[in-house]
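Student: First the structure, then my questions, so here it is.
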Amino acid sequence: MKQLLVALIAAFGIASAAPASAQLPAASAAPDFTAQVAQGGTVTTFSLKAALAHGPVVLYFFPKAFTNGCTAEAHDFADHIGDYQKLGAIVVGVSGDSIATQVKFSTQECRSKFLVAADPGLKIASSYDSKVLGLYANRTSYVIAPDGKIAYAYTSLDPDKHVANTLAALRALKP
């Protein structure tokens, strides 16, 4: 039953009791974390602190791999990965799915272009105020500046503007 509810919410963007704007505020410190990630089917460990030493990080939370909205969002991020790279940014998607699911999602829907992290206990999502009803990660995108501060946050179950908005926020970081 829980899986069906999560799938319905993720696929159809059904409104929840949680506010749509739940997110950490800009200029706050981004919670540090490490997690298992997959890219192109390969599993490694990601460290936010280590990644920030190389440039900004776009961290986006999504409800459930292989649902309509999450697949569309992954395709959009994959299609624009060159734009992120030109801006020196690393993209990391995060959901409550297992690493085994993320391995498949990374190759099939992320087109092996960026990292996807497994957060099965939703601890990372919780620390970023991106958890809904304790069941799944809310669709929230963050741009984290190299100094570890949140430069931009956007929450919407509609996947359409996450890429455009995070790219605009990254461009605003450049002098």
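The values are calculated or read from the model by the stated rules, or taken from the named source; none is laboratory data. Note that the structure is a prediction, hence the values are computed from the model and not measured. Backbone-built Cβ (ideal geometry, glycine too); neighbour counts: all protein chains shown.
Student: Which members of the range 42-67 meet the condition of being part of a loop (DSSP other than H, G, I, E, B) and under 24 Å from ASP147 (Cβ atoms)?
Tutor: Just the residues of the range 42-67 that are part of a loop (DSSP other than H, G, I, E, B), to begin with: 53-56, 62-67.
Of everything in the range 42-67, those that are part of a loop (DSSP other than H, G, I, E, B) and under 24 Å from ASP147 (Cβ atoms) turn out to be ALA53, HIS54, GLY55, PRO56.
Student: Within the range 161-172, track down each residue that is without any contact (Cβ under 8 Å) to a residue 60 or more places away in the chain and more than 14 Å from ILE144 (Cα to Cα). Steps first, answer last, please.
Tutor: Here is the first cut: in the range 161-172, the ones without any contact (Cβ under 8 Å) to a residue 60 or more places away in the chain are 161, 164-165, 168-169, 172.
Correct list: LYS161, ALA164.
Student: Could you list, in sequence order, all residues of the range 111-130 that are under 20 Å from ALA72 (Cα atoms) and more than 12 Å from the chain's Cα centre (by Cα)?
Tutor: Hits for the range 111-130 are ARG111, SER112, LYS113.
Student: Then there's this: Filter the range 1-41 down to the residues that are more than 18 Å from the chain's Cα centre (by Cα) and either modelled with pLDDT of 95 or more or not in a loop (DSSP other than H, G, I, E, B) (or both), then identify the one that is nearest to LYS86 (Cα to Cα).
Tutor: Out of the qualifying residues, it is PHE12.
Student: So, one more: Considering only residues of the range 130-155 that are in contact with a strand residue (DSSP E or B) (Cβ under 8 Å, 6 or more places away or on another chain) and part of a loop (DSSP other than H, G, I, E, B), which is surrounded by the fewest Cβ atoms within 10 Å (Cβ to Cβ)?
Tutor: Here is the first cut: in the range 130-155, the residues in contact with a strand residue (DSSP E or B) (Cβ under 8 Å, 6 or more places away or on another chain) are 130-131, 136-145, 148-155.
Now restrict to residues that are part of a loop (DSSP other than H, G, I, E, B): 130, 138-139, 145, 148.
Values: SER130: 29, ASN138: 25, ARG139: 25, ALA145: 19, GLY148: 15.
Ranking the candidates gives GLY148 first.
Student: Looking only at residues in the range 52-90 that are aliphatic (A, V, I, L, M) and closer than 18 Å to SER112 by Cβ, which one is surrounded by the fewest Cβ atoms within 10 Å (Cβ to Cβ)?
Tutor: ALA72
Student: Considering (1) under 22 Å from ALA26 (Cβ atoms); (2) without any contact (Cβ under 8 Å) to a residue 60 or more places away in the chain; (3) charged (D, E, K, R), say which one ASP158 fails and leave the rest.
Tutor: Here ASP158 clears every test but (2).
Student: Could you list, in sequence order, the residues of the range 132-148 that are in contact (Cβ under 8 Å) with a residue 40 or more places away in the chain, farther than 16 Å from GLY88 by Cα and not aromatic (Phe, Trp, Tyr)?
Tutor: VAL132, LEU133, LEU135, ALA137, ASN138, ARG139, THR140, SER141
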